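Reviewing the structure listed below.
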Amino acid sequence: MRLSRFYMPVMKETPAEAQIVSHRLMLRAGLIRQQAAGIYSWLPLGKRVLAKIEQIVREEQNRAGAVEVLMPTLQSADLWRESGRYEAYGDEMLRITDRHKREMLYGPTNEEMITDIFRSTVKSYRQLPVNLYHIQWKFRDEVRPRFGVMRGREFLMKDAYSFDLDADSARKSYRRMFIAYLRTYARMGLKAVPMRADTGPIGGDLSHEFIVLADTGESQVFCHRDLIEMPVPPADFDYDGDSESVVNERTSLYAATEEMHDAAAFEALPEDKRITARGIEVGHIFYFGTKYSKPMNAKVAGPEGTDVLVEMGSYGIGVSRLAAAIIEASHDENGIIWPESVAPFDLALVNLKPGDAATDEACSKIYRELGAAGRDVLYDDTDERVGAKFAAMDLIGLPWQVIVGPKGLAKGEIEVKNRRTGERESLTVEAAIKRFATRPAF
Ligand code: 5CA
């Protein structure tokens, strides 16, 4: 993409309304724009990041055996009356009446709808287990939407729902998602720690929140230091094999959010292993048994011929929140530093002197060849001042900057800058093309 044709409304000033760094940087780098309290448009750079995050989430869900669907944002109130949550959800639910005076709502979550789909299509235990997920916008009329997309009213969530014949296999489904989550966040460059958590309005007695430690996090959390650096299972992890030891290795170490905190158990840890910190909740998984299948009568014919209520769990990831969480975890005083796996473009190509025949030709070659190799290049071909170009590129935080100027070219060289480390390296045009032509595996 040529910057001269792109739409990237960066701001020099720090927006006054933004209290945390990710919100400030998302506004300044032109990723999002507020439309109403807690409701945002995603501008091109933000949209690209969101798509990258979604894709990682999707790949890891698929790998763990979950199957993608897409349910609507609008739901019928009747379904929620069946589960008893229509009244219970209270003011957080956005209620809508259609022209026929039918009561509808903008979905804050989808347990009821997926249970309805399940009960009308799955009849036998032989069809189990099933895990269906979608990536869809949700609406929760939060009392205090704040920090940009971190706590929005409209936000993008991945929500998966598992159906099993009995508690044992439901716990297996839960562990699959637990492991998929570890991989998902690690691929985005995040260290997310699973912690025992309160189940809130979703319900059930077993749940883990996945927490990224950050000073600006909304939750107070307590955990064992060893959890932070623990390596995650590999891409070829056998989901049909032993998931218990991976999960137990983690759940046997202390980690809890404030609501579930057991001060005595925490104090019993050696002092140098105790971490008390703020955290961002980037995911939450639940096992709630028959909480929805029972009132909604979701049954299958069991092996003995009698009907059995299915055991369920649900598994959420805050997709739009992750864009902000990644920035909280990865930025410096000049702007965002995107991990390569979620960067809106793979690299920036900066032409220091557009109009100069040699720089134009070198840039055009790099742009075309890397484009043909499937890499996403943002080519700054504008007449901006050099200082402004560098400031904008640092602000938007692409992992690499390939800088082409007449002086270097006269010696046959261009410069490659690593945004994270600031390290610079001189290379020939050919060497730079070779370096960036293949997309690394994340
Ligand atoms: N049905 C379950 C799991 S599918 C559920 O709704 N869980 S949840 O309420 O915990 O939400 C899942 C994830 O969505 C959270 O972990 C969080 O990362 C994200 N999330 C929740 N509320 C918001 C919000 N207001 N703004 C941005 N992200 C949010």
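The values are calculated or read from the model by the stated rules, or taken from the named source; none is laboratory data. Quantities reported herein were computed from a predicted structural model and do not represent experimental measurements. Counting neighbours? That spans all protein chains shown, and the Cβs are built from the backbone with ideal geometry, glycine included. What goes into the accessible areas is simple: the full protein's heavy atoms, side chains included, and nothing from ligands, DNA or RNA. Shrake-Rupley method; radii C 1.70, N 1.55, O 1.52, S 1.80 Å.
Once you charge only the Cβ atoms, +1 for Lys and Arg and -1 for Asp and Glu, what is the size of the charge dipole of the chain about its Cα centre, to the nearest 20 debye? Walk me through the intermediate numbers first.
On the way: 59 positive and 66 negative charges, 261 e Å.
The calculated dipole for the chain is roughly 1260 debye.
Using 0.36 nm per residue of separation minus the Cα-Cα distance, give me the extension gain between Ser120 and Asp272 in nm, one decimal.
Values: separation 152, 0.36 × 152 = 54.72 nm, distance 5.36 nm.
Result for the pair: 49.4 nm of gain on full extension.
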At a 1.4 Å probe, what is the % contribution of carbon and sulfur to the accessible area of the chain? 49 percent
Subtract the Cα-Cα distance of Ala410 and Asp91 from 0.36 nm times their separation in residues, and report this length gain in nm to one decimal. 108.2 nm
Mind listing the phi-derived Karplus ³J(HN,Hα) values for segment 292-305, rounded to whole Hz, using 6.51, -1.76 and 1.60 with θ = phi - 60°, and x for any glycine or proline? 9, 5, 5, x, 9, 6, 9, 10, 10, 6, x, x, 8, x
Please list, in order along segment 422-428, the HN-Hα scalar couplings obtained from phi with the Karplus expression 6.51 cos²θ - 1.76 cosθ + 1.60 (θ = phi - 60°), rounded to whole Hz, x for Gly and Pro. x, 5, 10, 9, 9, 9, 6
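Let me check against my output: what whole-number percent is the relative contact order of the chain, with C-alpha pairs under 8 Å and at least 6 apart? Mind showing how you got there, number by number?
Numbers: 875 pairs, mean separation 74.4, N = 442.
Computed value for the chain: 17 percent relative contact order.
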Solvent-accessible surface (1.4 angstrom probe) belonging to Ile20, in square angstrom, nearest 10: 10 Å²
Starting from the residue with the highest accessible area, list Thr251, Thr290, Thr109 in decreasing order, probe 1.4 Å. Thr251, Thr290, Thr109
Mind checking the per residue accessible area of the chain for me, 1.4 Å probe, whole number of Å²? 44 Å²
Any chance you could get the radius of gyration and Dmax over the Cα atoms of segment 233-314, in Å? 18.7, 56
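From the cross-link list Lys172/Lys291; Lys12/Lys52; Lys365/Lys407; Lys138/Lys172; Lys47/Lys417; Lys353/Lys407, which pairs have alpha carbons spaced over 22 Å apart?
Numbers: Lys172/Lys291 18 Å; Lys12/Lys52 26 Å; Lys365/Lys407 18 Å; Lys138/Lys172 27 Å; Lys47/Lys417 25 Å; Lys353/Lys407 10 Å.
Over 22 Å Cα-Cα: Lys12/Lys52; Lys138/Lys172; Lys47/Lys417.
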Would you check the accessible area of Arg58, probe 1.4 Å, heavy atoms only, in square angstrom rounded to 10? 50 Å²
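How do Lys138, Lys101 rank by accessible surface area computed with a 1.4 Å probe, from largest to smallest?
In descending accessible area the options line up as Lys101, Lys138.
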For segment 1-51 and segment 57-78, write down the distance between their C-alpha centroids in whole Å. 27 Å
The base-10 log of I(q)/I(0) that the Debye equation returns for segment 49-141 at q = 0.11, 0.12, 0.24 Å⁻¹, one scatterer per C-alpha, is -0.41, -0.48, -1.21
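Pull out the extension gain between Glu259 and Thr382, defined as 0.36 nm times the separation in residues minus the alpha carbon to alpha carbon distance; nm, one decimal. Walk me through the intermediate numbers first.
Working: separation 123, 0.36 × 123 = 44.28 nm, distance 5.25 nm.
Extending this stretch completely gives an extra 39.0 nm.
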Using the 2.2 N^0.38 Å rule of thumb for compact globular proteins, work out how the chain stacks up: its C-alpha Rg over that value, please. 1.09
